[in-house]
Structures are given as structure tokens and as C-alpha cells.
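Just so it is clear, none of the values below were taken in a lab; they were calculated from the coordinates. Small disclaimer: the values here were computed from a predicted structure and weren't measured. All Cβ positions, even for glycine, are placed from backbone atoms using ideal geometry, and neighbour counts span all protein chains on display.
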Amino acid sequence: MRIAVGSTADQLLHGSPVPVLLAPRGYGALAPGRLERLTAAYWRRRDADGPLDAAAGWAAALDVPMRLLTLVLRPPGVAARFRDSGEVLERQRGRAEDDLARAAGLVDCVPVTTEAVAGASVGKALAAVDMLPGEVLTCQSGHHGPLRKVFLGESSGKIVRSAPRPVLMLPRGAARR
């Protein structure tokens, strides 16, 4: 099961002023009775604290624990064959784990765990993540989109299309209300 983005979803994912929740095709027939965890796709950037706070607010409102997840991508093609590409990947993973620890320290309203997962692509890295049946994945909007609107950027688009669970897209600049 994966999320298919049709024309209506595409319009919502490029301009909605409120969060947009998408579920994989057929999810309704297999939906769990209760949500179990909220996983926030996290990557450190200048405006990441607002969406992090918004995701924590959602986890608190839903009374579920939160996991912060960063996908660390292996260098593509020729770069992957360089002698030190494994070292580069480990340095990237180390930075991601440091960023996740810092971000987890900002969340005080729910229990938080962190995970940095490496893969050759967003889809392969996300496939390596263990997800509970009642899990929801949150994703921040692309930073090139309009403020206070959902904008499906390159990375968030790949996450949405690869997600095996529902995805809650947060508007750019989102923060807990």
C-alpha cells in the first residue's frame, strides 16, 4: 500500500492553509482501532522548530508517543563508489543523530524516541523503518513554498509517495496552537 497523489490531492498539497492527511489506497479497510504513535520526518533547517512543535502538539492531542525520524541518503551513482563513501554516510548519520537529540530535547509534552535510517533513496530508507499498524507520519512542507500553506517539496513528495502509513502534511511555518 502506498499513497497515490491524484489531481485533487495535488492541489491540496500545493496550497492548503491547514494540515492535509493522506492515507494509502485501501487503508480504510485495514485501519487500526487506535493510533499508536506519531512519527515526524525531521531534518534540521532554519524553520524546523515550528513544525516540530506542531507535530508534538498533535501527538499530545492524540495521546500517543512521538518518534523523530531522519532519513540519511547514501551518495548516488559514482559518488557511492568512492573509497570513503561509507565514512561520509557515517558522518551524515552522526550529524543526523546529533540533530535528532537536539530536537528531542525541545519536546516536553510527550515521550520521544529518535531514529536515523540510511538508504539509497527516500523510498528504500523509509522501507527500512519499522512502522506500527496505528502509526501516522508527519512531514513538514517544503521550504520553497508559501508561508502558512502546505507545499509538497521534493523530499516531502518522495516521503508521501513512499509512505506505508497515513501522512499528515503540515503547512510551512506550522506551530502548535
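Annotations for the structure displayed:
- Choice from Leu12, Leu137, Leu152 with maximal GNM fluctuation in the chain (Cα, 10 Å cutoff): Leu12
- Summed side-chain charge close to Arg34 - residues other than Arg34 whose Cβ falls under 12 Å, Lys, Arg +1, Asp, Glu -1: -2
- For the residues Arg46, Arg95, Arg34, a GNM of the chain with alpha-carbon springs under 10 Å puts the largest fluctuation on Arg46.
- Length gained on full extension, Arg102 to Glu36: 21.4 nm, using 0.36 nm per residue less the C-alpha separation.
- Extension gain, Asp63-Cys109: 0.36 nm per intervening residue step, less the Cα-Cα distance, totals 15.6 nm.
- Put a dot 7 Å past the Cα of Ser7, heading toward its Cβ, do the same for Ala120, and the two dots end up 3.6 nm apart.
- Relative to the longest principal axis of the Cα atoms of the chain, helix 49-62 runs at roughly 50 degrees.
- Exposure proxy order (Cβ contacts within 10 Å, fewest to most) of Ile3, Ile159: Ile3, Ile159
- Angle between the chain longest axis and helix 85-104 axis [Cα atoms, degrees, rounded to 10]: 40 degrees
- Of Pro19, Pro75, Pro51, the one that fluctuates the most in a GNM where the chain has Cα springs shorter than 10 Å: Pro75
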